[in-house]
Amino acid sequence: MAILDQRFTQAFQTAEANSGFDPIPPGDYILQVSETELKNTKNGSGQYIKVAFTVMGPKYEGRKIFTNFNIRNASPEAERIGVSQLKALVVAGGVAEPLMDTDQLVGATVSARVTVKKSDDPQYDDQNRVSHYKPVNAPGTGAMPGVTPMSTLANVPSAGTFSQAFGRQAAPEPAAAPSEQSWFK
């Protein structure tokens, strides 16, 4: 058992009950990849990459939007579309290629179009869809101050070696062993 403090109790009394998040309105947003996961399709015959984006702005900062990219699918067309959309995210986000690990996507910041897909099934809520990936610094994307696109980070100079970063002297290189010829002179 845990006793909750008064600050929580007061906040709880004034909070509105919200069982879920309504989709954010359609528009162009700055999004940053915050999480990725490789998952198997329900029938087990394919795979997709589930990507969580965090909205950076211009409104709804901090909200999460999710999208999936089919990378293996029984339908060649579904696979082609998924891989093509993933490539658009990689290029716009300045992600180093080849894409070998889904974690390479984390931190990629892009401008993207967000739409709302209405659910035909009352069991499910309407959902946001993400498409039209562009670099954040591309004309007409409304680049935000303080948001550094991943593509520009590739040009940032390296901080040096581990020893330099932590102010330690690098260990001296071991002396090269004399060649066999010098032993026999």
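The values are calculated or read from the model by the stated rules, or taken from the named source; none is laboratory data. This one's a predicted model, so the numbers in the text were calculated from it and none came from an experiment. Counting neighbours? That spans all protein chains shown, and the Cβs are built from the backbone with ideal geometry, glycine included.
Couple of notes before you dig in:
- Selection within the stretch 12-44 - surrounded by 11 or more Cβ atoms within 10 Å (Cβ to Cβ) and farther than 20 Å from LEU99 by Cβ: PHE21, PRO23, ILE24, PRO25, PRO26, GLY27, ASP28, TYR29, ILE30
- Members of the stretch 61-82 found to be farther than 21 Å from PRO26 by Cα and either part of a helix (DSSP H, G or I) or not hydroxyl-bearing (Ser, Thr, Tyr) (or both), listed by number: ASN70, ILE71, ARG72, ASN73, ALA74, PRO76, GLU77, ALA78, GLU79, ARG80, ILE81, GLY82
- The residues on offer are VAL147, VAL136, and the sole one that is surrounded by 10 or more Cβ atoms within 10 Å (Cβ to Cβ), modelled with pLDDT of 50 or more and of a type outside the set (Asp, Glu) is VAL136.
- Residues within the stretch 1-60 that are part of a strand (DSSP E or B) and not small (Gly, Ala, Ser), tallied: 21
- Positions within the stretch 83-124 being over 10 Å from the mean Cα position of the chain (by Cα), in contact (Cβ under 8 Å) with a residue 24 or more places away in the chain, in a loop (DSSP other than H, G, I, E, B) and surrounded by fewer than 18 Cβ atoms within 10 Å (Cβ to Cβ), in sequence order: ALA96
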